[in-house]
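The values are calculated or read from the model by the stated rules, or taken from the named source; none is laboratory data. No experiment lies behind these values; they were computed from the predicted model shown. Glycine also receives a Cβ, built like all others from the backbone with ideal geometry; neighbour counts cover every protein chain displayed.
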Amino acid sequence: MASQKLTQYELKRLENIKRNAETMAALNIHSKAAALAGTKRQRGIWGWDDSYIFIANMKKGVRVISATQKRTIRTLQSPQGSSIPYRFDTHPYEVGLLAGATLRSHVCLWTPS
């Protein structure tokens, strides 16, 4: 089978995936998240422009980690947050909108201030 040539977009995407995986490994995100979630494997997610990683913390909030500074720059809290968020997603069209779900079926939304 002849090898297919990748488009410029596909090459850039593969480059970003590799860079993001290396950054996650350098920040030790997966082991920190696993410790946070006990036996479940918690994952951090990348923000809209790959500048930030979002991951739950033990204080029922979300740590915002700067990929360039390699440190937590902010913690998002919600007064309605009754337990630790375990799933996150960013809105594909509304930059700044982050949703998190808890094991108790509660949903928290964070929006830019």
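Confirm whether Leu109 is modelled with pLDDT under 80, of a type outside the set (Ser, Thr, Tyr) and more than 15 Å from Met24 (Cβ to Cβ).
Yes: the conditions hold for Leu109.
Six or more apart or on different chains, Cβ atoms under 9 Å: show the pairs whose first residue is in the stretch 83-99 and assigned to a loop (DSSP other than H, G, I, E, B) and whose second is of a type in the set (Phe, Trp, Tyr).
His91/Trp48; Pro92/Trp48; Val95/Trp48; Gly96/Trp48; Gly96/Trp110; Leu97/Trp110
Mind counting the residues in the stretch 99-113 that are closer than 16 Å to Asn57 by Cα and polar (S, T, N, Q)?
1
Going by the conditions given, is Gly47 modelled with pLDDT of 80 or more and of a type in the set (Gly, Ala, Ser)?
In short, yes.
Here is a yes/no grid of residues against (1) in a strand (DSSP E or B); (2) surrounded by fewer than 16 Cβ atoms within 10 Å (Cβ to Cβ); (3) modelled with pLDDT of 85 or more:
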{"site": "Ser3", "(1), (2), (3)": "no, yes, no"}
{"site": "Asn20", "(1), (2), (3)": "no, yes, no"}
{"site": "Thr23", "(1), (2), (3)": "no, no, no"}
{"site": "Ile55", "(1), (2), (3)": "yes, no, no"}
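Under 9 Å between Cβ atoms, at least 6 apart or on separate chains: pull out the pairs that start in the stretch 23-35 with a residue that is under 17 Å from Ile84 (Cα atoms) and end on any residue that is assigned to a helix (DSSP H, G or I) and modelled with pLDDT of 70 or more.
So the pair list comes out as Ile29/Thr23; His30/Met24.
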